[in-house]
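Below is one structure, written out as structure tokens, with a few remarks after it.
Where a number appears in this text, it was derived from the coordinates with a stated rule and is not lab data. Computed from a prediction, not measured in an experiment: that's the story for all the values here.
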Amino acid sequence: MRMKWPGFAAAILVAALLAFAGGYLAGQRPIAGQAQISRMSAPEPVVPTAARQGLIDVNSATAAELADIPGVGPVIAGRIVEYRERGGPLSGPEELLNIKGIGEKALEKMRDYITFGGADENTGG
């Protein structure tokens, strides 16, 4: 009795490939030479450079530092500096609403990144 090796070998090869493919599709084995893709987590929020160092004092910050605050770009930063130079230190966040281009939504983005230290110094408190 003679065995049919080519057919038997082909059946074994197909079974092995199916087992490998099933494991790969289930995320258990990567294809050789390729990195396994891990489950992605939510990206970390982007924190502006100046904000990583602490709160930004609106009354003493440069235009470049102010532009680093969420909701503020270079144009608005320039307007804040100009407003501050004309009228003195800002007394608090709500005063920013007097500056063209800063509305309620922009102010909400800014709140967690700003302080008004110069106003406290000038008012004695």
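If you take the square roots of the eigenvalues of the alpha-carbon gyration tensor of segment 65-111 and sort them as a ≥ b ≥ c, do you get rounded (a/c under 1.5), prolate (a/b over b/c) or oblate?
oblate
In sequence order, what are the phi-derived ³J(HN,Hα) couplings for segment 66-83 according to the Karplus relation 6.51 cos²θ - 1.76 cosθ + 1.60 with θ = phi - 60°, rounded to whole Hz, with x for glycine and proline?
These are the phi-based 3J(HN,Hα) values: 5, 5, 7, 7, x, x, 10, x, x, 5, 5, 4, x, 5, 5, 4, 4, 4 Hz.
Given H placed 1.01 Å from N in the peptide plane, which residues other than close sequence neighbours of Ile56 have an amide H under 5 Å from its amide H?
Those qualifying (amide H under 5 Å, at least 5 residues apart or on another chain) are Ile114, Thr115.
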